[in-house]
Amino acid sequence: NSGAVVAIDVNSGAILAMASYPTYDPSVFLPGTDDPEADKKISEYMNDKNRPMLNRAIGGIYTPGSVYKPLTAIAALEEGAITPDTVIYDRGYTIQGGMRFRCMGVHGPVNLKRGLAVSCNVYFQEIGVKTGIDNIDKWAKLFGLGELTGVEIPAEEAKGVRANRESKMERRNDVWRPADTAQASIGQFDNMFTPIQIANYVSTLANGGKRYKPYLIKSVKKYDGSIVMETKPEYETVPISKETLAAINEGMIQVSSSMEGTAAAYFKDFPFTVASKTGTPETGLEAQGSSSNGLCIAYAPAEKPEIAIAVVVEHGVWGSYTVPIAKDVLKEYFGLNSDRYTDDQIVVEEVKFTR
């Protein structure tokens, strides 16, 4: 029923597309409450449980789930906790801080590349605990997660929350524990970010470490064509090594291309390589008959990226269910779309879905 998509030019920070669903018709606010029809529609918008007037792209905050795993890997690599070849044996579960955490399968020996491809929880929980929450939090902040991006709609932008010692004490009045690190390492616990933050984190990863300030307005011109204002791209450099970037890129390519990759079924026929990651963060409502949220991040072409995308579908069941949306945005951007949809429906291919 609801979700958001943000697409960013990785080489400038320009927002190429930003969508929030469901939407609303702003024209009903022109006549206001003096018009009974308009007043009725406004009331419907205000009371709609799907909150159509919330700009989810910059104001909705979501647990990222497995799309956070590349960040955990970055922290682990940069802080020397692992190398790309470090192997963790997944027997289906891990015990951290006295708590048992299950994986979605039994993956056996897992290195970084395979860990990203199959989205192995055990791998990332164990390297996350080894890295430590302070180091993970440091790199999450460097990539702009849980921080305002500065996009030109400040009143609508939410800051989000990073799972760390301070936020746990503030929100739960409790100290940090190793089991918390295990949960935070796979994008759960108190981690909650906006789609634009997630897209900008992916953009920064794609372009080699330039965290741009996303912007909507390219320029403002007078009637005679003279420029009143033109946005100059601004960025901060994230001090990440080329070796770490290459390792993450290789793993995210596997997500889209290896037989075990969680998004591979959708990108098998693509004319160029896509780097991606899916995520299925729990909402806490699964036991009540609802479902987890679905997320997907992607950038392309993987060898020389131009565009980065973040997709969030509330109660989307699985992250892999959201891949067709990212794929359709890529097809449109690269001129591969022969179809012109007349509604909001994306045809979902018949594939075997995985986390």
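Restricting E152, E126 to those that are among the acidic types (D, E) and surrounded by 20 or more Cβ atoms within 10 Å (Cβ to Cβ) reduces the list to E126.
Among the residues of the range 19-38, those identified as open to solvent by 60 Å² or more (accessible area, probe 1.4 Å) and either in contact with a strand residue (DSSP E or B) (Cβ under 6 Å, 6 or more places away or on another chain) or among the charged types (D, E, K, R) (or both) are Y21, D25, D34, E37.
If you go through the range 182-199 and keep only what is in contact (Cβ under 8 Å) with a residue 60 or more places away in the chain, among the polar types (S, T, N, Q) and open to solvent by less than 10 Å² (accessible area, probe 1.4 Å), you end up with S185, N191, T194.
Can you confirm whether N164 is within 23 Å of the chain's Cα centre (by Cα), more than 17 Å from M18 (Cβ to Cβ) and open to solvent by less than 30 Å² (accessible area, probe 1.4 Å)? Before you say what the answer is, go through the steps one by one.
Numbers: within 23 Å of the chain's Cα centre (by Cα): yes; more than 17 Å from M18 (Cβ to Cβ): yes; open to solvent by less than 30 Å² (accessible area, probe 1.4 Å): yes.
In short, yes.
Within the range 324-332, is there a residue that is β-branched (V, I, T), touching a strand residue (DSSP E or B) at 6+ places or on another chain (Cβ under 9 Å) and more than 11 Å from A7 (Cα to Cα)? Scanning the range 324-332, I find at least one residue that is β-branched (V, I, T), touching a strand residue (DSSP E or B) at 6+ places or on another chain (Cβ under 9 Å) and more than 11 Å from A7 (Cα to Cα), so the answer is yes.
Given the structure, is S185 under 19 Å from S66 (Cβ atoms), among the hydroxyl-bearing types (S, T, Y), modelled with pLDDT of 95 or more and within 25 Å of the chain's Cα centre (by Cα)? Answer is yes for this residue. The set of residues from the range 129-142 being crowded, with 24+ Cβ neighbours inside 10 Å and either under 19 Å from I196 (Cβ atoms) or touching an Asp or Glu at 6+ places or on another chain (Cβ under 8 Å) (or both) comprises T131, I133, A140. With respect to the conditions (1) modelled with pLDDT of 90 or more; (2) open to solvent by 90 Å² or more (accessible area, probe 1.4 Å); (3) among the charged types (D, E, K, R), D328 lacks only one, and its number is (2).
Looking at K232, K242, K221 in this structure, which one is of a type in the set (K, R) and either in contact with a strand residue (DSSP E or B) (Cβ under 6 Å, 6 or more places away or on another chain) or open to solvent by less than 90 Å² (accessible area, probe 1.4 Å) (or both)?
Working: K232 fails: either in contact with a strand residue (DSSP E or B) (Cβ under 6 Å, 6 or more places away or on another chain) or open to solvent by less than 90 Å² (accessible area, probe 1.4 Å) (or both); K242 fails: either in contact with a strand residue (DSSP E or B) (Cβ under 6 Å, 6 or more places away or on another chain) or open to solvent by less than 90 Å² (accessible area, probe 1.4 Å) (or both).
Criteria check complete, one pass: K221.
Looking only at residues in the range 86-110 that are surrounded by fewer than 19 Cβ atoms within 10 Å (Cβ to Cβ) and touching an Asp or Glu at 6+ places or on another chain (Cβ under 9 Å), the one that is modelled with the lowest pLDDT is G105. For the range 167-181, the set of residues classified as surrounded by fewer than 18 Cβ atoms within 10 Å (Cβ to Cβ) and touching a strand residue (DSSP E or B) at 6+ places or on another chain (Cβ under 6 Å) consists of P178 only. For the range 283-293, taking the residues that are over 12 Å from G319 (Cβ atoms), outside any helix (DSSP H, G or I) and touching a Ser or Thr at 6+ places or on another chain (Cβ under 8 Å), the one that is most open to solvent (accessible area, probe 1.4 Å) is identified as L285. Scan the range 294-323 residue by residue and report those that are open to solvent by 10 Å² or more (accessible area, probe 1.4 Å), out of contact with any helix residue (DSSP H, G or I) (no Cβ under 6 Å at 6 or more places or on another chain) and either of a type in the set (D, E, K, R) or within 22 Å of D9 (Cα to Cα) (or both). Answer for the range 294-323, where residues must be open to solvent by 10 Å² or more (accessible area, probe 1.4 Å), out of contact with any helix residue (DSSP H, G or I) (no Cβ under 6 Å at 6 or more places or on another chain) and either of a type in the set (D, E, K, R) or within 22 Å of D9 (Cα to Cα) (or both): P301, E303, K304, E306, E314. Out of curiosity, is S43 open to solvent by 30 Å² or more (accessible area, probe 1.4 Å) and either within 17 Å of the chain's Cα centre (by Cα) or of a type in the set (S, T, N, Q) (or both)? Judged against the criteria, S43 is a match.
The criterion of being hydrophobic (A, V, I, L, M, F, W, C), in contact (Cβ under 8 Å) with a residue 40 or more places away in the chain, farther than 20 Å from I309 by Cβ and not in a helix (DSSP H, G or I) does not hold for I136.
Applying a threshold of 7 Å to beta carbon distances and a minimum spacing of six or more residues, or different chains, the list of pairs starting in the range 22-42 at a residue that is under 17 Å from L54 (Cβ atoms) and among the polar types (S, T, N, Q) and ending at one that is open to solvent by less than 70 Å² (accessible area, probe 1.4 Å) and part of a loop (DSSP other than H, G, I, E, B) reads T23/P52.
The values are calculated or read from the model by the stated rules, or taken from the named source; none is laboratory data. Computed from a predicted model, the values in this text were never measured in an experiment. When we count neighbours, we look across all protein chains shown, and the Cβ atoms used for this are built from the backbone with ideal geometry, even at glycine. When the accessible area is computed, the model is the full protein with side chains, heavy atoms only, and any ligands, DNA or RNA have been set aside. Shrake-Rupley method; radii C 1.70, N 1.55, O 1.52, S 1.80 Å.
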